[in-house]
1. Helix A:16-25 versus the longest principal axis of chain A: what angle, 0 to 90°, nearest 10, using Cα atoms?
2. Using alpha carbon centroids, what distance separates the stretch A:3-56 and the stretch B:33-59, in Å?
3. Among the lysines, which have Cα under 22 Å from the Cα of B:Lys107 when same-chain residues fewer than 8 positions away are ignored?
4. How large is log10 I(q)/I(0) at q = 0.13, 0.14, 0.23 Å⁻¹ when the Debye formula is applied to the Cα atoms of the stretch B:6-131, each weighted equally and without solvent?
5. Pull up the cross-link candidates among the lysines for A:Lys6, meaning alpha carbon to alpha carbon under 30 Å and not fewer than 8 places away within one chain.
6. Dividing the Cα radius of gyration by the Kirkwood radius, what Rg/Rh value follows for the protein assembly as shown?
7. Taking the mean number of other Cβ atoms within 10 Å as a proxy for protection, how do you rank B:118-125, A:5-12 from highest to lowest?
8. Averaged over its residues, how many other protein chain Cβ atoms are within 10 Å of peptide B:65-76's Cβ atoms?
Amino acid sequence: MTQRKKIDARGAFCPGPLMELIAALKLIEIGDEIEVLSSDKGTAADVPEWVAKVGHEMVEVIDLGDHWSIIVRKAK
Amino acid sequence: MPSTPLFILVCSESHEKIQMAAMTASVAAVSERPVCVFISMGAIYSFKAGLSDDERYKGSRFAAVLQEKGAPDALELFAMGRQLGEMSMYVCSMALDILGWDESDLKENLFDGTLGLTKYLSDAEEGQLITF
C-alpha cells in the first residue's frame, strides 16, 4: 500500500522546498509519495521540471490559493 | 545521456553572487549534473569557520532582503548539494596562501581540498564554466 509523507515548506524560498523534497525522497520506498506544501510560486513549476529530469513520477500539483500542494511518487 | 559537468568559479565577496552560486550548484547537483565548485579571491571570507550570519555575508540592498526574509543559507545549500548530489568543492590554494590560512580556517565538511587554478581550468575543459 502506498505511503504518503507530507512536508510543510510554506514560507521557505527557492530552492528550499525542492531540497526538502529531495532529502525526503531518499528516505522512502519506491512507489511511496511525498506531498510538499509550498507558498513559493517557482517551486510549483520547478518540481515538475526536476521530476521529469531525474525520472520520478509527478502525481499532481494543486493550486490551493495561497500555496500549492505538490505530490511526487518515488520511481527509482 | 549524461549531463555536461558544471564548473562554478566563485570569486566575489558579494552575498548575492555567493547565494546565486550556491543555488545554481545545489540545484544542478541534485538534478544529476556533476558540479565542481572553486572558491577563490574575496569569496573565501564567507567560508571562514566560526562566523555568525551577520559576519559571514557582505552585500548590497538585495543581500539585506535575503537575510531579512530568511532565504536558504548559501553555505547550507552548498552542503546540501554535496550531500544529495554529485558535487565537489575546492578552495584556491593561492587565496589560502595570500591570507596565511589553511583548510582548518574554513567551515568544516564543505571542501574536498585545495586546488590550483591551472588544474581546475584543465578539468573544466570537459564541461561548462560559470563565474560568480
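Rule-based calculations on the coordinates, nothing more; no lab input. This is a predicted model, so every value here is computed, not measured. Here Cβ is always computed from backbone atoms with ideal geometry, including for glycine, and neighbour counts include all displayed protein chains.
1. Compared with the principal axis, the helix lies near 10 degrees.
2. 27
3. Result set, ordered by chain and number: B:Lys17, B:Lys48, B:Lys58.
4. Values, matching the q order: -0.48, -0.56, -1.49.
5. Cα-Cα hits under 30 Å: A:Lys26, A:Lys41, A:Lys53, A:Lys74, A:Lys76, B:Lys69.
6. Values: Rg = 18.1 Å, Rh = 18.1 Å.
Value, to two decimals: 1.00.
7. On the way: B:118-125: 13.1, A:5-12: 15.8.
Final packing ranking: A:5-12, B:118-125.
8. Working: counts 0, 1, 0, 0, 2, 4, 5, 8, 1, 0, 0, 2.
Taking all residues of B:65-76 together, the mean is 2.
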